[in-house]
Every structure is written in C-alpha cells, then in structure tokens.
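The values are calculated or read from the model by the stated rules, or taken from the named source; none is laboratory data. These figures come from a predicted structure and were not determined experimentally. Because the Cβ atoms are built from the backbone with ideal geometry, glycine has one as well, and the counts that use them run over all protein chains shown. Just so you know, the surface numbers come from the protein's heavy atoms only, side chains and all, with ligands and any DNA or RNA stripped out. Shrake-Rupley method; radii C 1.70, N 1.55, O 1.52, S 1.80 Å.
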Amino acid sequence: MTQLSGIAASDGIAIAKAYRFVQPDLTFTKTTVQDIEAEQQRLAAALAKAEQELVAIQQQTVEKFSAEEAAIFEAHLLVLKDPELIGPIKQKMADEAVNAEYALHDVSTMFVTLFESMDDEYMSARASDIKDVTNRILAHLLGVHIPNPSHINEQVIIVANDLTPSETAQLDRNFVLGFITDIGGRTSHSAIMARSLEIPAVVGAGTATSTIQDGDLLIVDGLSGQVIVNPTADVMAEYEEKAQNYRTQQAEWSTLVNEQTLSKDGVHVELAANIGSPSDLDSVLRHGAEGIGLYRTEFLYMGRENLPSEEEQFSAYKTVIEGMNGRPVVIRTLDIGGDKHLPYLPLQEEMNPFLGHRAIRLCLDQQELFRTQLRALLRASVYGSLKIMFPMIATIREFRDAKAILLEEQEKLVSSGIAVSSDIEIGMMVEIPATAVMADIFAKEVDFFSIGTNDLIQYTMAADRMNEKVAYLYQPYNPAILRLIQMVIEAAHKEQKWVGMCGEMAGDELAVPLLLGLGLDEFSMSATSILKTRSLLKQLSVSEMQALAAEALQLATAEEVIEKVKQAVK
Ligand code: PEP
Ligand code: MG
C-alpha cells in the first residue's frame, strides 16, 4: 500500500482500478533496414492494429455519445487508408531502406506542413487528423499504448499528469468514478470540471503518474486530498465507512433543496451555481440553486473544430435562461486564453499566457467574435432574467468599450425588429487587483460585480493557480485578499449595486462565514457545494460574522485568519 497527498479538488470518495491517461513516449531513431520485406510487414501489422482500434473507438463513441462526436474517428480511418499517404511511406522504405517509423514520420510531416501552410480551416483540421493518425501508427510500431478516454468500458479512476478542460469534458461519468492528476490546484479548470461532473478528484498529487500502474486498486478521497494505492483490507474498510458517512451527510443536506437560504438571524443571501454548459442545468436544479452566478461560455467554444455559430450560441443561452424559469442567470462573455485554448483560433505563443492576450482583451481585439456572442446573448435575453458580465476587466476603458459594443449590437437588433429584454444588467468580474482597488470608480458604471477569486488570488499573491509548487502562496484567507474583497463590497453598496462571488472561495466553508460578515450578496459555486453551504449559512448569524470579519481584516496571516474562523464557527 502506498499513499499520496494532493489537493482535495472535488468532494466524495471513489474506489476503483487505475486507468493511466498518459501520453506515451513516441521518440524513435532512424535506422537502415536489411530485410525490407519484413519491415513492410511490420508497417502493415501496425496499420491493421490502428484500424482495429479506430473502428472500436468509433463504435463506442457512437454508443456512448453520438454519431456527430464519432465523426472525427471516421476522418481518422479515411486518413489511415489513404493511398496518397500510405503509398509514399512504403515507397520511401523501399527506396531508402529506412525503418517504418522514420518513413512514416517523414512523409506525414511533409503533408502536415503543407496543409498547415494553406491557412484554411478545413486543411488545418486535416493536418491535425494526420498528426493523430501518425501517432497512433507510431505507437503500434513502438509497442506502446495511446490512451483514449472514450475507450473505457469499465469503472476506473483516471490518473493523468493533467487533464485539459476538453479531455475532462469527454469523461463518461458512468465509467470514470474519479481522477487524480500530478499537477494543478483547486481552481485549475480540470478541478472545476470534476466538481461539475460530480466526480471525486485529487489534483496536484505530484508523482501520481510515476507511482501508479494501470490496474492498481485506488481510493481517491476528494474530501481530504489523499490517494491510497493498493489499500490493505483494513484501510479499505475504513474508507468504505467514510464514503457511507459522506452519503448520509449528503442525504441530510438534500432536505434543504427547496428552502430559502437564510442566515441564523434571518438574512437572505443568494446561492447560485457555476456552470459550463446547458447540460449542467439538471444538476443546478437538483441542488436547489437560486440562480446561475457564472456561466463559463468558453466551454461552448472548446472541444470542436470551428467557432460556434450565433444560432448555436443562441440556442445554448436560451436553454439555460429558460431552464432557470425567471431566476437570475449571469452569463460571462468568452474568457479564452490562459489555460483554455481553441485549436481553430491560433493564438500567439506567450511567455505568460495568464497575463497575456486573453478574455476581454482578445474580444475587444477580435470584435466579430465578440459581437456574434453578444447578439446571441441579447436575443436570448427575452427568455428570462439575463445578466451579462465581462471577464478580466483591468481598466475602466475596457469596461466602457465592451459595454458600448454591447449597446451597439442591442440597438442594431432592436432597430431590425428583434426583441431584446429592456432590463439586462451589465456587470464585470473583479479578478485583477487594479479593479478591486478602483472599485469605487467602477461601481458608478456597472450594475454589479462578481468577484473572481480564482484569478484575483493568483494575481494578488503572484502565485500561478495551476502550479502546486506555489500552492502554499495561493491563500484565499490572506488578509490582503479579504481587504480587497471588503473594498469591492463597500464600494458597490455605496452605489446600491450588488456583489457576487463566483470564484471557488464562495463555496469554501472557512471563507463563507467571513464573506457573510463582509456583506457579500450572492455566492456562486459548483452546484454540488450549494446544499452544504445552505446548511452552513443557517448556522451563522450576520451580526456575529460581521465582528469576525472585522477582526480577520486586522490579522497578519492567513493561518491566524483560519484559526479565528475555526474558533468562531465550531
Ligand atoms: C475566477 O477567476 O475566479 C473565475 C471564476 O473565473 P475562471 O475560474 O473561469 O478563471
Ligand atoms: Mg477568472
């Protein structure tokens, strides 16, 4: 039995076999081949295995997802059987007496370079298909295994170095019971996705991929951040009991689903949910959210080969707004960049992508992209209560420019006879310390703020939210962060504007008492945290929490704040 410690990223306990989701090493050397015939047969065998594998993946994808999602594998099969690709590879092996790996790599690189240089969306998708297929054949030639999450047909726990948001989105909840990653923090997007998929996860476990083998029995404790590899019978029994206790607690919380969120002294705050797609709605309603505090629209743009059209976006936004039945829905405009990329929207390599050309900066620069999204949002506004917010605002100029574009699109729609709601609130995320410091100025122009602590902490503490080496500096309870939050809430309330928080801190049980005391109006979190937080808020009185927050603001360290909260909230 071995034990690993990481960061508890998504509540719950999962027990299952390990499935390593690790890209294999595909390096090879060029060699001269004596027996060309045998080498041709080796290539033929690798091609046959790759084909078998693709056919199986394609079938499973159709069964588990849809024919549309399986189309990519149809394209891969066409590449695999394309004589214009395979012919020259065989020819090169025969002419130059080189090994199959070298000939395959050399010929496919030539096609990839050619297609990529064409600056055409269709051809660049073909280049990416050729790369994928080449890697699959190469893996068979080298006798290594390429993992594919859609291939999984038994219950497993995924072990990966990291999972991109689009890889996480492909995980099938019926089979993937949990995951563990080497890197990442509580606010990395794989962790956020795990919470929305409601699967237990531990991230930043350091050496998971080098310690854990395929098939090892694993326990993932997403409550404490512990991972147990091949547990003894005693430990197994202990965790089965812990899992049972957690289920009992969940059943207790679920009785609060239709209750209002009231503090012990009767003050109402709003508990809202963060979502990434319309398919999260079911979970949002099941967990009794009073609204949606953050719809991360970038997920609509990810895991596909082209931009979503205005119609597609309209339909997604309408589904969410209508589905919430008049309850408030805060939709954030596209926040791409940082750790979120679009394969079809090539962005320049940046030294510091989190400080780079992302979110509203990109949208103000690529206005067609932005305007399309705004039109879809405005058209969907008539189906309920929509609030729009802009991400990563740093200056008042950016807010004014973004708002002006929004109003321009609104005017154009209205003058062409398309209905748009007349009471859409327009707000912004507070994620950059400069905006928190200037909140009094912003408060005069916005309808609301939503504090994005995931980034606000990262930028205030200069500690990358993805990097477990500096996770010790990523301190939500640092008085510096609390003071910034207080400034934002005070400035907004002076102007009679409301303040929400959609960073992960809003659902953190040690932060909630402080945020209640600081006067936060709306707490937006993973749907799975809502009932737990409602139960906690019922036990807290605003007047006591105000005193607690005032004391916390005067403390010197995060540790002192944690201690103080623990004493106050037993
Ligand atoms: C945040 O930064 O707190 C936030 C909610 O946005 P994201 O996590 O998507 O960067
Ligand atoms: Mg952010």
**Q.** Linear extension gain, R483 paired with K242, 0.36 nm per residue minus alpha-carbon span
**A.** 83.0 nm
Q: Using only Cα atoms, tell me the angle between helix 310-323 and the longest principal axis of the chain; keep it within 0 to 90° and round to the nearest 10.
A: 50 degrees
Q: Kindly express, to the nearest 10 degrees and within the range 0 to 90, the angle between helix 100-116's C-alpha long axis and the longest C-alpha principal axis of the chain.
A: 50 degrees
Q) When the chain is fully extended, how far beyond the present Cα-Cα distance does L217 get from Q539, taking 0.36 nm per residue of separation? A) 112.0 nm
Q) Once both axes come from the Cα atoms, what is the angle between helix 367-380 and the longest principal axis of the chain, in degrees from 0 to 90, rounded to 10? A) 60 degrees
Q. Where does each of 201-211, 53-63 land if you order them by average Cβ count within 10 Å, highest first?
A. 201-211, 53-63
Q) By the gyration tensor of its Cα atoms, with a ≥ b ≥ c the square roots of the eigenvalues, what is the shape of segment 36-142: rounded for a/c under 1.5, prolate for a/b over b/c, or oblate? A) oblate
Q) By DSSP, what percent of the beta bridges with both residues in segment 209-337 are antiparallel, rounded to the nearest 5? A) 45 percent
Q) Relative to the Cα centre, what is the charge dipole magnitude of the chain, using +1 at the beta carbon of each Lys and Arg, -1 at the beta carbon of each Asp and Glu, and rounding to the nearest 20 debye? A) 1080 debye
Q | Accessible surface, per residue, of the chain when the full set of protein chains is kept, probe 1.4 Å, Å² | A | 43 Å²
Q. To the nearest 20 debye, what charge dipole does segment 201-329 have about its Cα centre, counting +1 at the Cβ of each Lys and Arg and -1 at the Cβ of each Asp and Glu?
A. 240 debye
Q.
Using only DSSP helix segments of four residues or longer, with each worth -39500 (n - 2.57), what per-residue ellipticity at 222 nm results for the chain after dividing by its residue count and rounding to 500?
A. -15000 deg cm²/dmol
Q.
Can you compute the charge dipole magnitude of segment 69-200 about its Cα centre, using +1 on each Lys and Arg Cβ and -1 on each Asp and Glu Cβ, nothing else charged? Give it in debye, rounded to the nearest 20.
A. 380 debye
Q) Sorted by packing (mean other beta-carbon atoms within 10 Å per residue), highest first, where do 242-255, 18-31, 373-386 land? A) 373-386, 18-31, 242-255
Q: Pull up the cross-link candidates among the lysines for K444, meaning alpha carbon to alpha carbon under 20 Å and not fewer than 8 places away within one chain.
A: K387, K403, K494, K497
Q: Quick one: grab the alpha carbon gyration tensor of segment 395-536, order the square roots of its eigenvalues as a ≥ b ≥ c, and give me rounded if a/c is under 1.5, else prolate or oblate depending on whether a/b is larger than b/c.
A: prolate
(Q) Probe radius 1.4 Å, ligands and nucleic acids ignored: give me the carbon and sulfur share of the accessible area of the chain as a rounded percent. (A) 51 percent
Q: Normalising by the residue count of the chain, find the relative contact order in percent from Cα pairs under 8 Å and 6+ residues apart.
A: 15 percent
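Checking the a/c ratio against 1.5 first, then a/b against b/c, what shape does the Cα gyration tensor give for segment 466-570?
Cα axes put segment 466-570 in the rounded bin.
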Q: For D106 and A462, calculate 0.36 nm times their separation in residues minus their Cα-Cα distance, and state this gained length in nm to one decimal.
A: 123.8 nm
(Q) What does DSSP give for the chain in terms of the percent of beta bridges that are antiparallel, rounded to the nearest 5? (A) 30 percent
